[in-house]
Amino acid sequence: MITQTCAICEKNNFIVLYPENFNIKKINSRVFSARRLPDRIHYRMVKCKNCHLIYSNPILEYEKIENLYKKSFTSYDEHLENLKVTYGFYLKQLKEKYQKQMIENQSSTLQPQNLSSIIHSPSSRLLEIGCGNGFFLEEAKKQGYEVYGVEPGQPSVDKATPEIKKNIIVDIFKSGQFKNNFFDVICCFQTFDHIPNPNELLTQCYKILKKAGLMLFLNHNIGAWQNKLMGKKSPIIDIEHTYLFDQTTMRKIFEKHHFKVLEVRSSFNIHHTSYWLHLLPIPNFIKIPLIKVLDLTGLGKIKIKIYPGNLVLFAKR
Ligand SMILES: [Zn+2]
């Protein structure tokens, strides 16, 4: 195990929120796979006295975490179709609200028809960090981007379509994978809070993003009322999460890396009722049969839009 520091002030002046509760022998790649049933195991969770950033400390050595993610998988199911809708919505919003504005500012002399051809230009390059089986990249491609992904889990990448797969690097996101000033947009969905060193990730993003390029990050919000209410029982208090941000700490860490934060707010998700049930803090012996009942009766298929305690951040280089 290694000691972590606060990613914002880089000090180690904390209060303990929850003591660790896991048995190291039971840690395997299943625990590090996306959308598993929450099993509420976690490292010791602490809170920085200066910045109020919540983080896991100590944690497994970085190489051990990397190896667990390399073997992790994403099950390709209907939930991903719902996530595609949610993430696709935010990507459209990024384009409508900020990318369009950026291009308009840069090219106020262009005629409107030229403008729209720039916005839909296929040379607009988009990177997704932690792209799983590439389901969001398919959506981004549909929206006109030239798409790239980085994903450590080989079993997930194996499930990507050939067209998407050829632009996925199977590894942990790190320096040297892309040229500087290469991307127009970098996205990261439900991954940033899994990263043992978020400062390294943001330093790298700043380099490979073009000037005035945009960042779209969506992850858990530890400051959301839902998570505050559930406290230790919240599914986000989990061994996969090395740092847990709220709107303030998310803004702080981006500003530390010289990004201009355009907006941070609560984000919604659309999911089937059975998936929402997945996330509720009730014992598995009740939850699993209940999910089965919902699925058998068809009630599990009802789609609902909920603000589950996530945040979305738009930032500019
Ligand atoms: Zn701090």
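Things to note:
- Residues being modelled with pLDDT under 85, aromatic (Phe, Trp, Tyr) and in contact with a strand residue (DSSP E or B) (Cβ under 8 Å, 6 or more places away or on another chain) - total across the range 265-317: 3
- For the range 6-23, a residue qualifies if it is under 18 Å from ASP246 (Cβ atoms), more than 7 Å from the ligand (Cβ to nearest atom) and either aliphatic (A, V, I, L, M) or in a loop (DSSP other than H, G, I, E, B) (or both), and the qualifying residues are ALA7, ILE15, LEU17.
- Count of residues meeting criterion [within 17 Å of the chain's Cα centre (by Cα) and in a loop (DSSP other than H, G, I, E, B)] in the range 132-164: 6
- Criterion (small (Gly, Ala, Ser) and on the phi > 0 side of the Ramachandran plot) met by exactly one of ALA140, ALA212: ALA212
- TYR43 meets all of the listed conditions (1) at pLDDT 90 or above; (2) out of contact with any strand residue (DSSP E or B) (no Cβ under 6 Å at 6 or more places or on another chain) but one, namely (2).
- Reported count of residues in the range 197-223, each being assigned to a loop (DSSP other than H, G, I, E, B) and buried (at least 21 other Cβ atoms within 10 Å of the Cβ), is 2.
- Within the range 57-71, considering residues that are closer than 14 Å to ILE239 by Cβ and under 17 Å from the mean Cα position of the chain (by Cα), the one nearest to the ligand (Cβ to nearest atom): ILE65
Listed here are the residues, each with its yes/no results for (1) under 30 Å from CYS9 (Cα atoms); (2) of a type in the set (Phe, Trp, Tyr); (3) crowded, with 19+ Cβ neighbours inside 10 Å; (4) without any contact (Cβ under 8 Å) to a residue 40 or more places away in the chain.
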position: THR249; (1), (2), (3), (4): yes, no, yes, no
position: GLU255; (1), (2), (3), (4): yes, no, no, yes
position: GLU263; (1), (2), (3), (4): yes, no, no, no
position: ASN269; (1), (2), (3), (4): no, no, yes, no
position: TYR275; (1), (2), (3), (4): no, yes, yes, no
position: PHE285; (1), (2), (3), (4): no, yes, no, yes
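- Filtered residue count, the range 102-126, keeping only those that are modelled with pLDDT of 65 or more and either surrounded by 13 or more Cβ atoms within 10 Å (Cβ to Cβ) or of a type in the set (Ser, Thr, Tyr) (or both): 7
- Residues in the range 196-214 that are touching a helix residue (DSSP H, G or I) at 6+ places or on another chain (Cβ under 9 Å) and under 21 Å from TYR55 (Cβ atoms): PRO196, ASN197, PRO198, ASN199, LEU201, LEU202.
- Inter-residue pairs, beta-carbon under 9 Å, first more than 30 Å from ALA212 (Cα to Cα) and in the range 303-317, second hydrophobic (A, V, I, L, M, F, W, C) and in a strand (DSSP E or B), 6+ apart: LYS303/ILE270; ILE304/ILE270; LYS305/PHE268; LYS305/ILE270; ILE306/PHE268; ILE306/ILE270; PRO308/PHE268
The values are calculated or read from the model by the stated rules, or taken from the named source; none is laboratory data. Just so we're clear, the structure is a prediction, and the values are computed from it rather than from any experiment. With ideal geometry, Cβ positions are generated from the backbone for all residues, glycine too; neighbour counts draw on all protein chains shown.
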